[in-house]
Amino acid sequence: MSEELYEVEQSVPPNPVEEFLRMDRMPHIWCPGCGIGTTVNCFVRALDTSGLDLDKVAVVSGIGCTGRVAGYLRLDSFHTTHGRAIPFATGLKLANPELKVIVYSGDGDLTAIGGNHFIHAARRNMDLTVILLNNGIYGMTGGQVAPTTPISAVASTAPYGNFEENFNLPYMAESCGAVYVARWTSFHVRHITKSIKEALAKKGFSFIEIVNPCPTLYSRRNKIGEGLEQMIFYRDHSEIRNGADTKTVGMEFQGKIIVGKFVDRERPTYHGAMMEYYQKKLGEDFVPSEEMRKSIHAENRN
Amino acid sequence: MHADPIGVLTGAHFIDGDHACSEGAIAAGCRFVAGYPITPSTEVVERIAERFPKVGGVFLQMEDEIASSIAIQGAVWGGKKAMTVTSGPGFSLMMEHIGFAAMTETPCVYVNVQRAGPSTGLPTMPAQGDMMQARWGSHGDYGIIALSPNSPQECFDLTVKAFNLAEQCRVPVMMMMDECVGHMIERVVIPSAEDIKIVPRRYYEGPKEDYRPYEPERDLVPLMVKTGDGYRMHVTGLTHDELGYPSMTVNAQGKLVRRLVDKLKANAERIIEHKEDMVEGAEVVVVTYGISSRTAVPAIEQARKEGFKVGHVRLVTVWPFPERMIAELAGRIKAFVVPELNFGQIALEVERCAGGKARVHLVSHAGGTVHQPKEIYSAIRKSVKG
Amino acid sequence: MKQRAREITAEKEIDLMTTSPVKQRKLNGSVVIVAERCKGCGFCVEFCPQECLELSSQYNAKGYHPPVLTDRELCSGCDICGMMCPDFAIYGFMKKKR
């Protein structure tokens, strides 16, 4: 009856995600209920509709569970050292500014050991898209405390609970100079996709924080359920406040999560400013690299 | 292939070793430098900062040495030749990334203008205390190349050579200068661009589907590709297979790491360089490198005047160490004399390779200044007398 | 010069996942489930806006219960399940009209 009007399953389209993944490396290593794979779905869908030449997209990650994302994407990808994805990405981008360089890594990697590089790349407005997955813990190494672990949460190196104030990452990113700052949770799949698309199109240091469950370590040790319970929690306790003052979006243990696009502003990019400045100061003596010249020309045309 | 004329300041210059190193890098085609100021290396990046905008290069002063040492590797994968410059404390910070370059086979150049250590030490004074660190500083097994210039002219020439060796062998290459050579001002002749031989990056050019990023060629070195050319490669510091995929197995480890170590042995002939003087028929051979090679000369000449048969071997390539040459020499002579501005680093290698066939006299020095020739002369005398 | 963002104001967000299911029959969506990849996290079941997925009583080689489509005519093909699935084990699509 209802089947008459519609074709049956022979014309099933392939999973749109698979073209972007190294399917020869599946299944991945992430735990059941971990949201990293969810964010990869969003990332891939954003790439798919971004109009970018995928050959020119490079993903750089660090060490940690989220750091493994680079290895599963069928793009030029780099799994670098702990905390140093951003400077590697900086060198890659400046060698060939036509590349779209994305940093995809975890909270410990990017803001603990990598904190220094994070603030300087934001300060310089390096043209990178930074996707940070924040699970409030060091998952890969067995659940140690992170700068993003909320107060009172338990971790293997904070067995009595964490008493350190945790980072408010959007506030940090904004104050360091990021031109695009957004936070979502793994639950907000369509918002994440939209944000990633906007960040990819945006010139400068774009930062997206995605709050993500770690069922095996964070959730289990803190007795807050599994991945699913965390996702339900995100759905029920997050509040979308676009344009919120980033000072106010700090997170507490199992507290309200303010999500949204907080900052979207304009600043000259590092390489844009560099080109303009040298042109002004050196005039005819200025010889930009071939790649730099091509990229600025392309950017000006758009 | 020869140098791009845009970067080559052909002619005679009166410049110091640091500046000669900058010019060598530019002549070699280096177009990305990320650095951090540290005495006595800072002049290298200062000159680069001034010259690069005029020759198509990009220079960034990064927030620290750790960032510098990995940013250059990003630039290499983006298609550029890249270099960073530092001294002892920064060199220590860069060790993790030197290992990463070795593991991922990223060709790049690390310049260490050595100063007295350990720790903050004597920032403005020379030493040669990082020689073992250059070889073994990062964790795990891998191979590197280290060159040791003894004059500003060599700072130019060997920097060019460093880039060429890096591309040939896909390893990080250490330019082990020292404060004395770095700050010494001497005549440096930069040849014309056609006379400067450059080794271009060895890129894969076959069909994309057949590309295997870490499958070695006959000389144990795999071919590279550039990000953005559609090869969709994966590069990781984890132990990996020929596809570059993490392969956490004992087999993969054995295969990969053995090759990382062996590829330098396989290419030793074209890497190792040393200079010999009157080694034939010598009873004692003085083995030197860097600035100590120059302070040894008056001592050797004095000893020869007094009738002693003293030979002089100056290591230009310190790593890989010329094991065969030293072992062979040990069978023909009484003793080696090794003056170094440290408490015995390359002397240990000489001893190891001599295999007990000849004695090894170390002329040690804590650093801060160079040897007095008479110290080296007494060591020569003592070693002849036995 | 830093400029404050232009159009960022509180938007009225209509979230498909928090509205009630459309109980209209004869919707033309479907899903493909790669049962062996599923790790039984339950995201797809919980967040399907049409509430037409449930974990099967059968299990795959790893011992997890993959989802099944309970009512084919309820599936709108919205692919929320596909976007949520961390294991790339399910995706939704719209069947083509003849």
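The values are calculated or read from the model by the stated rules, or taken from the named source; none is laboratory data. Predicted, not measured: the structure shown is a model, and the values here were computed from it. Because the Cβ atoms are built from the backbone with ideal geometry, glycine has one as well, and the counts that use them run over all protein chains shown. These area figures cover heavy atoms from the full protein model, side chains too; ligands, DNA and RNA do not enter into them. Shrake-Rupley method; radii C 1.70, N 1.55, O 1.52, S 1.80 Å.
Put simply, of B:Lys265, B:Lys255 the only residue that is open to solvent by 10 Å² or more (accessible area, probe 1.4 Å), of a type outside the set (Gly, Ala, Ser) and closer than 24 Å to B:Met177 by Cα is B:Lys265.
B:Ile271 versus (1) within 14 Å of chain A (Cβ to nearest Cβ); (2) crowded, with 17+ Cβ neighbours inside 10 Å: which is the lone unmet condition? With (1) within 14 Å of chain A (Cβ to nearest Cβ); (2) crowded, with 17+ Cβ neighbours inside 10 Å applied to B:Ile271, the lone miss is (1).
Restricting attention to the stretch B:89-132, the residues being free of Cβ contacts under 8 Å to residues at least 60 places away in the same chain, of a type in the set (Asp, Glu) and within 14 Å of chain A (Cβ to nearest Cβ) number 1. The set of residues in the stretch B:76-87 that are more than 7 Å from chain A (Cβ to nearest Cβ) and assigned to a helix (DSSP H, G or I) contains only B:Val76. Considering only residues in the stretch A:280-299 that are farther than 18 Å from B:Arg31 by Cα and open to solvent by 90 Å² or more (accessible area, probe 1.4 Å), the one that is farthest from the other protein chains (Cβ to nearest Cβ) turns out to be A:His297. When A:Gly67, A:Gly91, A:Gly71, A:Gly106 are checked against the criterion of being modelled with pLDDT of 95 or more and either surrounded by fewer than 24 Cβ atoms within 10 Å (Cβ to Cβ) or out of contact with any helix residue (DSSP H, G or I) (no Cβ under 9 Å at 6 or more places or on another chain) (or both), a single residue qualifies: A:Gly71. Counting the residues of the stretch A:27-56 that are in a loop (DSSP other than H, G, I, E, B), more than 7 Å from every other protein chain (Cβ to nearest Cβ) and not hydroxyl-bearing (Ser, Thr, Tyr) gives 6. Only residues that are part of a strand (DSSP E or B) and either at the interface with chain C (Cβ under 7 Å from one of its Cβ atoms) or out of contact with any strand residue (DSSP E or B) (no Cβ under 8 Å at 6 or more places or on another chain) (or both) were counted across the stretch A:258-272, and they come to 3. Evaluated against (1) free of Cβ contacts under 8 Å to residues at least 24 places away in the same chain; (2) in a helix (DSSP H, G or I), B:Gln168 falls short on exactly one condition, (1). All conditions in (1) surrounded by 18 or more Cβ atoms within 10 Å (Cβ to Cβ); (2) away from chain C (no Cβ under 14 Å); (3) under 21 Å from the mean Cα position of the chain (by Cα) hold for A:Asn212, with the sole exception of (2).
Residue check: is B:Gly140 closer than 23 Å to B:Ile271 by Cβ and within 14 Å of chain A (Cβ to nearest Cβ)? For B:Gly140, the condition - closer than 23 Å to B:Ile271 by Cβ and within 14 Å of chain A (Cβ to nearest Cβ) - is met. Among residues of the stretch B:214-234 that are open to solvent by 10 Å² or more (accessible area, probe 1.4 Å), those with a Cβ under 7 angstrom from a residue that is assigned to a loop (DSSP other than H, G, I, E, B) and of a type in the set (Ser, Thr, Tyr), sequence gap 6+ or separate chain, pair up as B:Leu223/B:Tyr204; B:Tyr231/B:Tyr211. Could you please let me know if A:Lys194 is within 15 Å of A:Lys261 (Cα to Cα), more than 12 Å from the chain's Cα centre (by Cα) and at pLDDT 95 or above? For A:Lys194, the condition - within 15 Å of A:Lys261 (Cα to Cα), more than 12 Å from the chain's Cα centre (by Cα) and at pLDDT 95 or above - is met. From the list A:Thr193, A:Thr185, the one residue that fits, being within 10 Å of chain C (Cβ to nearest Cβ), polar (S, T, N, Q) and under 27 Å from A:Val44 (Cβ atoms), is A:Thr193.
Under the condition of being modelled with pLDDT of 90 or more and open to solvent by 50 Å² or more (accessible area, probe 1.4 Å), the residues counted in the stretch A:1-30 number 6. For B:Val181, state whether it is in contact with a helix residue (DSSP H, G or I) (Cβ under 6 Å, 6 or more places away or on another chain), of a type in the set (Val, Ile, Thr) and at pLDDT 95 or above. When the stated conditions are applied, B:Val181 passes them. Among the residues of the stretch B:292-318, those that are open to solvent by less than 10 Å² (accessible area, probe 1.4 Å) and under 19 Å from B:Val113 (Cα atoms) comprise B:Ser292, B:Ser293, B:Leu315, B:Val316, B:Thr317, B:Val318. Restricting A:Gly136, A:Gly142 to residues that are in a loop (DSSP other than H, G, I, E, B), in contact with a Ser or Thr (Cβ under 7 Å, 6 or more places away or on another chain) and surrounded by fewer than 19 Cβ atoms within 10 Å (Cβ to Cβ) narrows the list to A:Gly142.
In the set (1) more than 8 Å from every other protein chain (Cβ to nearest Cβ); (2) within 15 Å of A:Pro16 (Cβ to Cβ); (3) of a type in the set (Phe, Trp, Tyr), the condition left unmet by C:Tyr91 is number (1). With a requirement of 3 or more residues that are modelled with pLDDT of 95 or more, the helices (runs of 4 or more DSSP H) lying completely within the stretch B:236-344 that satisfy it span B:250-266, B:292-305, B:323-330. For the stretch B:8-75, the strands (runs of 3 or more DSSP E) that sit wholly inside it and include 1 or more residues that are closer than 23 Å to A:His271 by Cα and open to solvent by 10 Å² or more (accessible area, probe 1.4 Å) are B:30-35, B:58-61.
In the stretch A:109-125 there is at least one residue matching the filter, namely being buried (at least 24 other Cβ atoms within 10 Å of the Cβ), free of Cβ contacts under 8 Å to residues at least 60 places away in the same chain and under 20 Å from A:Trp30 (Cα atoms).
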